[in-house]
Amino acid sequence: MSITRTLRGGARVGWGRVIAWAIVAGLAGCGSLPDVRPFATATLSMEKSAAAGFEASASAQERMAGLLDVPASHPKAADLHARRDEYMALAKSIREEAVYREKLMRALTDYTDSLAGVVEASANAQGNVDALAASVMNLVGVFQASPLSPVAGGAVDLGKVALRELIRMKATRDLRRALEATDPVVQRAGELLLADVESLRATVAGKRRATESAARQAGGEPYREYRKHLTRLETRELALLKMLNALDKDVDVETNASAADLRAVREQIDAARARLAAVESRAASVKASLADTERLFTGLEEAICAWMDAHAGLVAAAREGGSINTRRLMEVVVEVKGIADRMQAAKE
């Protein structure tokens, strides 16, 4: 005889059916997992903007090096050539290390792509929990293989965090609970990437602060002489103007002679300013590009933080329902891309 209970209205239903209804109701209450595709798209944009940023930064260092590439006859040639070599070395370092930084960014993109595929496939299959664990392990593996000092320094800690959370992941068939276990690993990986970009920004900023005096020195003696020459011409112009104002308008010969002198002086002033402008505009352009580099890496730091926040938001959305907010992440990524594009245009 089957066990039954009486529901309101007198209907008699088997306990098996009651339990089945309860399970269905419970799953429906959890709702579907959030759409991860916008997060994956934003991550890909961040990866591409970072790659463009590293190249733009290396180019900016090379442009500064070019400004310091003065002839051997320059009185400060030895000092300026030493600084030039420092900028060239930094450009080379950024390019070489960009390979590893781009691998780290690519690992984040691959992880979010895998995550999106897992979420779209099913909410609770053990196979999908395993796939999620595999995507996390791939991310961790790339970070552990990186030779970048700030990243490599935290590799052991990242491995410990990953091991602990992967054990949690494997113990559940619930993708939501498994996803919660990924967040500490992802956050730690983000912190390591952030530390590296902060270190790179500090290096670039230290070099940028030395550009003002280097740019002045690079102008050399001709630049200084033209500065002095321009000052003398401007003094002569002022004296002629005072003379013309003081002369009686009836003294035509002297007035005309002074007016002709003034015209000649102004032509020389224009020529001197043009010569100086060529040196100054190049130096100003290079200095602006270096300042942009610093802003670019600050933007990348903000983008990484926004990415970490978005991932935490994804976990919360999976647990509580709702969608992921990637607006701040996309705003910063667009900003970084804009700076990189401007630096590339300046180079051309």
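Please treat every number below as a calculation from the coordinates, not as lab data. All of these numbers come straight from a predicted model, not from anything done at the bench. Reconstructed Cβ throughout: ideal geometry from the backbone, glycine too, with neighbour counts over all protein chains shown.
Segment residue 347..residue 241, full-extension length gain: 33.9 nm, with 0.36 nm per residue of separation and the alpha-carbon distance subtracted. A straight Cα-to-Cα reach below 20 Å connects residue 76 with the aspartates and glutamates 62, 85, 86, 212, 221, 225, 280, residues fewer than 8 places away in its own chain not being considered.
Label-to-label distance for residue 102 and residue 172 is 3.7 nm, based on points extended 7 Å past Cα in the beta-carbon direction.
From the alpha carbon centroid of the range 105-177 to that of the range 287-317 is 22 Å.
By the scheme Lys and Arg +1, Asp and Glu -1, what is the net charge of all other residues having a beta-carbon under 11 Å from that of residue 181? Before the final figure, lay out the partial values.
Details: positive: 164, 168, 170, 176, 177; negative: 165, 174, 180, 183.
Around residue 181, the charge tally is +1.
Mind giving me the FRET efficiency for residue 198 and residue 284? R0 is 30 Å, r the Cβ-Cβ distance, nearest 0.05 is fine. Walk me through the intermediate numbers first.
Details: r = 28 Å, r/R0 = 0.92.
Calculated value: 0.60.
With 28 Å as the limit on Cα-Cα distance, the pairs of 92/287; 92/347; 228/287; 170/337 that go past it are 170/337. Summing +1 for each Lys or Arg and -1 for each Asp or Glu among the other residues whose beta-carbon sits under 15 angstrom from that of residue 96 gives -1.
Kindly state, to the nearest 0.05, the FRET efficiency for residue 81 paired with residue 145, given R0 = 45 Å and r defined as their beta-carbon distance.
0.75
Listed values for the range 142-152 are Karplus-derived 3J(HN,Hα) couplings in whole Hz (6.51 cos²θ - 1.76 cosθ + 1.60, θ = phi - 60°), namely 5, 5, 5, 8, 6, x, 4, 3, x, 7, 4, and x replaces Gly and Pro.
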